[in-house]
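What follows is one structure encoded as C-alpha cells, with my remarks underneath.
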Amino acid sequence: MMKKKCLIALLLLSVPFLANSSEEAKDSKSPHETKSEPVKADSAEVKTENKEGTKELLDFSSIKDIIKQDGLEGELKKKQDEKRKFLSDKKLKDMKRFNIPNQDTFWSFFSELWLVKNATLLKWDIHKPDFELEKAFTSFLESQGHYETKIKILLLDSVEITHASLPSNSDEYIFIISLPFIRTLDLSKVEISLILFEDFIRAKKGYFKNYITDKELDSFMGSNFNGKPFDKKLVDTHLKKYNQVLFEKGFNFQEQFETTKEMDVLLKNDLKIWNTYLTLIEKIDTLTKNNTLYKKYGQIYPSPELQLNWLRPKNTIL
Amino acid sequence: MTKFILFFVIFFTNAIGAESAPMKKSMIGIKYFKELMGNVHQNPSRYSQVLTTISCNHPVKVMKETSTDGKEFVLYGEDKWNYVTVGPYAGYIMADYLTEKKNTCFEEEYSKYFDGLNLDINDLYYWARLYDQYVQGKSKVRQ
C-alpha cells in the first residue's frame with residue numbers, strides 16, 4: 001500500500017516537470033528556427049560582399065601577364081593571321097579565274113577553237129581511212145633528229161585548205177591536211193610526211209603566229225580582266241585572221257624561200273628523201289597549173305615553180 | 001551418218017556456247033579524262049556511236065573483262081581503247097586520253113576566259129569530236 005502511494009505521489013510530482021520540459025523543448029527548437037533565417041541572410045550578404053570584392057580584384061591589367069604566359073594572345077594573333085591569309089588567298093584565287101592564258105598555253109586552245117568554229121567549212125568530222133600518218137610522221141621526225149615532239153594531225157575533206165600547221169603551244173604541233181589533196185596527188189606516207197615537215201619548219205619559225213599576233217593580242221595574252229568586261233571582239237577578230245592567212249593571204253616569198261632552203265639543207269643528207277621532196281614539189285607544181293581546184297595553192301605557198309628553182313642545182317658553166 | 005551429224009551439232013553448239021558466254025567484268029581503277037571534251041563510244045572505234053560526252057577531269061571507272069578461260073582484256077582495238085563505265089553508260093574511250101591522277105584543266109584554270117567565249121552545245125560537241133578525229137603521236141628517242 002505504501003509503495004502504491006509513493007508511486008502516485010511521484011507521478012503527480014513529475015507531471016508539472018514533464019510539462020515544463022516539453023515547453024522548454026519547444027522553446028529550444030523555435031529560437032533556432034527563427035534565428036536561422038537572419039543567419040542565412042547575413043551569410044548571403046557576406047558572399048555578395050565577397051563577390052563584389054573579387055570583381056574589383058578581376059582587373060585585366062593584373063592578369064595580363066598570366067594571359068601572356070598562357071599564349072592566348074599569340075593564339076589570337078595566329079588565328080587572325082590565318083583568317084587574313086585565307087581571305088587574301090580566296091581573293092587571289094577569285095582573281096586568278098579571270099586570267100587570260102599566256103603565250104605558252106594560249107595557242108593550242110585558240111587554234112582548236114578556230115577548228116571547232118569552222119568545222120562545217122573544213123569538213124574534218126568525217127569517216128576516213130587510217131593511214132597511220134602519226135606513225136609515219138613521228139618516225140620521220142625521229143630520222144631528222146626531232147625527239148619528244150607531240151603531233152596532232154587532222155584530215156580535212158576539203159580543198160579550201162591543202163595543208164598547214166596551226167599555231168600551237170611550245171610542246172606540240174597541230175597539222176591539218178586535205179584528204180582530196182592527198183588522193184589527187186596520190187601521195188605516199190613519205191610524201192605526206194615531207195609536206196607536214198615543211199609545215200613543221202614554218203611553225204618552228206613562227207610565221208603563222210607572227211601574222212596573228214599584234215600589239216592588242218600580245219597585251220591580251222597573260223593579262224587579267226577582273227573588273228573589266230571580257231573582250232570577245234578581240235577573240236573574234238583574231239580568229240578571222242586565221243582565215244585570212246589560210247584562205248587568202250598565205251605566206252610571203254621570203255618565208256617560202258627560207259622554208260625551202262631549210263628543207264634543202266636538212267634533206268640533202270639523205271638524197272633519196274631529197275629527191276622525193278623534189279618530185280613532190282614537181283607534182284604540186286603540175287597540179288596547181290592544171291587543176292582549177294588548187295589554183296589558190298600558189299597564193300598561199302608561193303610558189304611551187306619558184307621552189308623548184310631554189311631547190312635545183314644551178315648550172316654553172318666552167 | 002547420224003553419228004557424224006550428231007557430232008557436228010554437239011561440236012558447233014559448244015563452240016557457239018563458248019563464244020556467247022558472257023565475259024566477267026570487274027573494275028581495275030578510276031582514271032580521269034585529260035582533254036577538254038571527249039566521247040564515250042559504244043564500240044572501240046572513233047566512228048562508233050557516241051554514248052555520252054565528258055569534260056576534263058571527269059572520273060571514269062576503267063574495267064577489265066575476263067573470259068571463261070581466264071584471259072584478261074584491258075585494251076581494245078590496237079591497244080587504243082579502254083572499256084569504261086561513266087554513270088549509267090558503259091563504253092569505250094581512248095586510253096591515251098585517260099590519266100591516273102587529276103589534271104590541270106584549261107577550262108578550270110582559265111574559267112572566266114572559257115566562259116567569256118560563250119561556247120554553245122554545238123561547239124562543245126565538235127570539240128569532243130575533234131579529239132575523236134585527231135591522229136596523235138609523239139617522237140621518241142629509240143635505242
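Per residue of peptide A:113-121, the mean number of Cβ atoms on other chains within 10 Å of the residue Cβ is 4.
Placing unit charges on each Cβ (+1 for Lys and Arg, -1 for Asp and Glu) gives segment A:217-293 a dipole about its Cα centre, and among A:I281, A:F225, A:Q256 the Cα reaching farthest toward its positive end belongs to A:F225. In this structure, B:D115 and A:N275 have a Cβ-Cβ separation that, at R0 = 51 Å, corresponds to a calculated FRET efficiency of about 0.45.
Subtracting the Cα-Cα distance of A:R97 and A:L76 from their residue separation scaled by 0.36 nm leaves 4.4 nm. Is any residue of segment B:111-143 close enough, with backbone N under 18 Å, to a label point placed 7 angstrom from the Cα of A:E142 along the Cα-Cβ axis, and if so, which? Answer for segment B:111-143: B:136-143.
On the beta carbon distance between A:K204 and B:S45, with R0 = 30 Å, the FRET formula returns roughly 0.30.
Expressed as a whole percent, how much of the Cα-Cα distance distribution for segment A:103-250 exceeds 21 Å?
46
Working from Cα pairs under 8 Å separated by at least six residues, relative contact order for segment A:103-250 is 24 percent.
At 20 °C and 1.002 mPa s, grab the translational diffusion coefficient of segment A:179-318 from Stokes-Einstein with a Kirkwood Rh over Cα pairs, rounded to a whole number in µm² per second.
Once the numbers are plugged in, D ends up at 124 µm²/s.
Convex hull volume of the Cα atoms of segment B:22-133, normalised per residue: 100 Å³.
Of A:S170, A:L156, A:L115, whose Cα points farthest to the positive end of the dipole of segment A:103-250 (charges on the beta-carbon: +1 Lys, Arg; -1 Asp, Glu; origin at the Cα centre)? Of the candidates, A:L115 comes out farthest on the positive side. Backbone N atoms of segment B:73-93 closer than 11 Å to the 7 Å Cα→Cβ label point of A:D130 belong to residues B:76-81. A full extension of the chain between A:T286 and A:N309 corresponds to an added length of 6.8 nm, given 0.36 nm per residue minus the alpha carbon distance.
If all Cα-Cα distances of segment B:38-77 are sorted into 10 Å bins from 0 onward, what percent lands in each bin, rounded to whole numbers? Using 10 Å bins, I get a P(r) of 25, 44, 26, 5 for segment B:38-77.
Here segment A:103-250 carries DSSP beta bridges of which approximately 35% are antiparallel, counting only pairs with both residues inside. A Förster radius of 30 Å, combined with the Cβ-Cβ distance separating A:L234 from B:Q136, puts the computed FRET efficiency at roughly 0.50.
Since every read-out is calculated from the coordinates, none of them should be taken as a lab result. Every value quoted in this text rests on a predicted model; they were computed, and no experiment measured them. Note that we place each Cβ from the backbone using ideal geometry, even for glycine, and neighbour counts take in every protein chain shown.
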